[in-house]
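A.B. asks: Pasting a structure here, questions to come.
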Amino acid sequence: MRIEIPEKKKWLYEMQLPVRWGDMDAMGHLNNTSYFRYMETIRIDWLNSFNQVPAADREGIVIVNAFCNFYKQLEYPGQVLLKMYASDPGRTTFETWVTMERADAPGFVHAAGGATTMWVDFPNQKALPLPEWLREMVTP
């Protein structure tokens, strides 16, 4: 089943990461787990850009599900251009979306994925309503 990125979304952040030789598999292309690491990296980098990196002693985000659609393999060497978007804020969750392109050939999406992102109280292990500042940030 393919999950498509919605048209109504809000751009949040973008960055580039190198395709590392060690991330390749025996078939000579980027291992599938690396795509999920890229999505994790851009989410954490985005959070870090406004001092909200998850910490066990406070509130923050957790991922409650994740997916990735693979369209064309990424290969070494190269830089991956990651673009992150958000949509559909709910009471405690919002959707995050990431597209992955080669930086030297922008405009062609090699993979795209997303995750349902939940705001939680880490010490008490319970979901909390999205803070208003975050809701405003992720609302298209």
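A.B. asks: Loop only per DSSP, at most 11 neighbouring Cβ atoms within 10 Å: give me the GluC sites (Glu not before Pro) in region 52-131, ordered by residue number.
C.D. replies: Working: sites: GLU59, GLU75, GLU95, GLU101; in loops: GLU75.
Within region 52-131, no GluC sites (Glu not before Pro) qualify (loop, at most 11 other Cβ atoms within 10 Å).
A.B. asks: Of the candidates TYR71, TYR38, TYR85, which one comes out as most mobile in a Gaussian network treatment of the chain with C-alpha springs shorter than 10 Å?
C.D. replies: Checking each option, the largest mean-square fluctuation is seen for TYR71.
A.B. asks: About the Cα centre of the chain, what is the dipole size in debye to 20, counting +1 per Lys and Arg Cβ and -1 per Asp and Glu Cβ, all else neutral?
C.D. replies: Value, rounded to 20: 160 debye.
A.B. asks: For region 106-130 and region 75-94, what is the separation of their C-alpha centers, rounded to whole Å?
C.D. replies: 9
A.B. asks: What does the charge count around PRO54 come to, taking other residues whose C-beta lies under 14 Å from its C-beta (Lys +1, Arg +1, Asp -1, Glu -1)? Walk me through the numbers on the way to the answer.
C.D. replies: Working: positive: ARG43, ARG58; negative: GLU40, ASP45, ASP57, GLU59, ASP121.
It works out to a net charge of -3.
A.B. asks: Also, quick follow-up: For region 75-140, state the average projected area of the convex hull of the C-alpha atoms over all orientations, rounded to one decimal in nm².
C.D. replies: On the way: hull surface 24.0 nm².
Over all viewing directions, region 75-140 projects a mean Cα-hull area of 6.0 nm².
A.B. asks: Evaluated at 37 °C with a viscosity of 0.692 mPa s, what Stokes-Einstein diffusion coefficient in µm²/s does region 10-138 have when Rh comes from the Kirkwood expression over alpha-carbon pairs? Spell out each step's value before the answer.
C.D. replies: Numbers: Rh = 15.4 Å.
The calculation lands on 213 µm²/s.
A.B. asks: Give me the lysines in straight-line cross-link reach of LYS126: C-alpha distance below 30 Å, same-chain residues under 8 apart excluded.
C.D. replies: Reachable lysines: LYS8, LYS9, LYS10, LYS83.
A.B. asks: For the residues TRP11, TRP97, TRP46, what sequence is obtained by ranking on other C-beta atoms within 10 Å, fewest first? Walk me through the numbers on the way to the answer.
C.D. replies: Values: TRP11 11, TRP97 23, TRP46 20.
Lowest count first: TRP11, TRP46, TRP97.
A.B. asks: Still on this structure, I have one more. Note down the nm distance, to one decimal, between modelled labels 7 Å out along Cα→Cβ at VAL109 and at ILE44.
C.D. replies: In this crude spin-label approximation the distance works out to 2.5 nm.
A.B. asks: Tell me the trypsin sites (Lys or Arg not before Pro) within region 28-91 that lie in a loop according to DSSP and have at most 15 other beta-carbon atoms within 10 Å.
C.D. replies: Answer by residue number: ARG58, LYS72, ARG91.
A.B. asks: Calculate for the chain the 222 nm mean residue ellipticity that helices alone would give, adding -39,500 (n - 2.57) per DSSP H run of length 4 or more and normalising by residue count, nearest 500 deg cm²/dmol.
C.D. replies: On the way: 2 runs with 24 residues, N = 140.
So the helix-based figure for the chain works out to -5500 deg cm²/dmol.
Laboratory data are not the source of any read-out in this text; all were calculated from the coordinates shown. Because the structure is a prediction, the values reported are computed rather than measured. With ideal geometry, Cβ positions are generated from the backbone for all residues, glycine too; neighbour counts draw on all protein chains shown.
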